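Here the structure comes first, spelled out in structure tokens, and everything after it is commentary.
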Amino acid sequence: MSGPFQSIQSAADANGVTYPTVARRIKNGDLRVFKLPGKTGHFVEVSEARRVLGQRKKYGDFGPDAKVVDLSNVVGDFEVVN
């Protein structure tokens, strides 16, 4: 038996992603979804959701030739203009 389970929204919140992201991973076959007896809605297994949703790309998908400079650990002043 699998378990414990959480709702799709709960899995999204717990893993820092959106509901559509979880739904897309289910649609792509990356994440199994369960219908549970006596419950309405769909549920995912907590450990599987953590494993699958934790495999996110670090910087977003800009393509294979993108050059992303990580300044997130830089200490100093900088300005972001709109």
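The values are calculated or read from the model by the stated rules, or taken from the named source; none is laboratory data. Predicted model, so just to flag it, every value in this text is computed and none were measured. Here the Cβ is made from the backbone with ideal geometry for all residues, glycine too, and neighbour counts use every protein chain on show.
Do any residues in segment 54-67 that are modelled with pLDDT under 60 have Cβ atoms under 6 Å from those of residues that are part of a loop (DSSP other than H, G, I, E, B), where the two are at least six apart or on different chains, and which pairs are they? The qualifying pairs are Y59/V68.
Just wondering, is there one or more residues in segment 18-31 that are touching a helix residue (DSSP H, G or I) at 6+ places or on another chain (Cβ under 6 Å), of a type in the set (A, V, I, L, M, F, W, C) and without any contact (Cβ under 8 Å) to a residue 24 or more places away in the chain? Within segment 18-31 (the criterion being touching a helix residue (DSSP H, G or I) at 6+ places or on another chain (Cβ under 6 Å), of a type in the set (A, V, I, L, M, F, W, C) and without any contact (Cβ under 8 Å) to a residue 24 or more places away in the chain), the answer is yes, since at least one residue qualifies.
For residues that are part of a loop (DSSP other than H, G, I, E, B) and touching a residue at least 24 places away in the same chain (Cβ under 8 Å), scanning just segment 33-51, find the one that is farthest from the chain's Cα centre (by Cα). Only one residue tops the list, namely L36.
Within segment 14-32, being of a type in the set (S, T, Y) and in a helix (DSSP H, G or I) holds for Y19, T21.
Residue count for segment 1-13, restricted to those that are assigned to a helix (DSSP H, G or I) and surrounded by 15 or more Cβ atoms within 10 Å (Cβ to Cβ): 4.
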